[in-house]
Amino acid sequence: MSQDKVAAYSTHQRQDETVRETEAHALLSCASRLETARQPDCSKEFFTDALHHNQQLWTLFQACLCDPENPLPRDLKTLLLNLSCYVDKVTFRAMSERNTDLLSGLISINRTIAAGLRQKPEGQTEPATAAPVVPENTSPTSLMTSA
């Protein structure tokens, strides 16, 4: 994984959480913003900002999934990239139509992926309590970046 991508994760990662937990936290944060953006009294600026923020997160995921060093199985990367294309499509439609009903699907996707990220990875016997230090030219363990 490139240093820029590692830096993007490290900047927002809490000391006591793994990269998977950081990704889950980011997805849930976006879901919360999108939920607020669904409210009738929400401003146009907040609505657009919530969608834009979610879009930025999914763009980071896309970049990680396309990284040639990403060790995820090809089928899983393809599935997640297809899901990210759907997120793009729904996001652009929601922005152009200012359709709050479309946010429900994005919220559901984020919450579902976050729930999967919070599950213990297969083969892990003890809970990971601290974020690993990521040496240069290596990638942290996460759903979007490794198996």
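Readers should treat all values here as calculations from the given coordinates under stated rules, not as data from a laboratory. Keep in mind the model is a prediction, meaning the values are calculated, not measured. Note that each Cβ is placed from the backbone with ideal geometry, even for glycine, and that neighbours are counted across all protein chains shown.
At 4 °C and 1.567 mPa s, what whole-number value in µm²/s does Stokes-Einstein give for the translational diffusion of the stretch 3-117, with Rh from the Kirkwood sum over Cα pairs? D, rounded to a whole number, is 88 µm²/s. When peptides 40-46, 24-30 are ranked by their average number of other Cβ atoms within 10 Å per residue, the highest-first order is 24-30, 40-46.
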